[in-house]
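Q: The structure follows.
The values are calculated or read from the model by the stated rules, or taken from the named source; none is laboratory data. Computed from a prediction, not measured in an experiment: that's the story for all the values here. In this analysis, Cβ positions are derived from the backbone assuming ideal geometry, glycine residues included, and neighbour counts consider all displayed protein chains.
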C-alpha cells in the first residue's frame with residue numbers, strides 16, 4: 001500500500017485488515033502513522049528509540065508489553081506509551097494476530113516502508 005494523502009482515514013478498520021508486520025501509511029514532518037500485525041507467539045522485538053516518542057493503539061488480539069521496568073497485558077482498546085529512550089518490546093500472547101497502529105514522533109521509518117514479516121524488517125535495519 002502506498003502512503004495515503006487523505007487527512008481522515010478509517011485507521012481502526014485499516015489496522016484490522018492489515019496482515020503485514022509493518023506498513024507505514026502516513027508520514028509528516030513531525031509524526032508518522034504505522035500499521036502493525038504481530039503473529040501468534042511473535043514479538044516486535046526489544047528496542048530503544050532515541051529521540052522518538054511512540055504510542056501504540058491495540059485494536060485486536062492480546063499481548064504482553066514490556067516498557068522500561070514495567071510489564072503488563074495489553075489488548076483491544078489499550079494504548080501503550082513509550083517515551084524516547086525507553087526500552088520496550090511487545091509480544092503476542094493470544095491466538096490470532098495482535099493488531100495495532102502506532103505513531104512515532106518524529107517519524108522513525110522511511111516513508112512508504114512495508115515489511116511483510118519481522119524477518120524482513122530485521123533484514124532491512
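Q: Quick one: count up the residues across segment 13-44 that are more than 11 Å from residue 92 (Cα to Cα) and either surrounded by 18 or more Cβ atoms within 10 Å (Cβ to Cβ) or in contact (Cβ under 8 Å) with a residue 60 or more places away in the chain (or both).
A: The qualifying residues number 22.
Q: Output the qualifying pairs, or none if there are none: Cβ atoms under 7 angstrom, residues six or more apart or on different chains, first residue in segment 100-125 and closer than 24 Å to residue 75 by Cβ, second residue at pLDDT below 90 and assigned to a helix (DSSP H, G or I).
A: 115/121; 115/124
Q: With the structure loaded, tell me whether residue 91 is at pLDDT 95 or above and under 25 Å from residue 30 (Cβ atoms) or whether it fails that test.
A: The answer is no for residue 91.
Q: Now for a different question. Within segment 45-61, identify whether any single residue is more than 27 Å from residue 5 (Cα to Cα) and surrounded by 18 or more Cβ atoms within 10 Å (Cβ to Cβ), and answer yes or no.
A: Yes - at least one qualifying residue is present in segment 45-61.
Q: Right, another one. Mind listing just one residue for me: the one in segment 94-108 that is part of a loop (DSSP other than H, G, I, E, B) and at pLDDT 95 or above and, of those, surrounded by the most Cβ atoms within 10 Å (Cβ to Cβ)?
A: Here the answer is 97.
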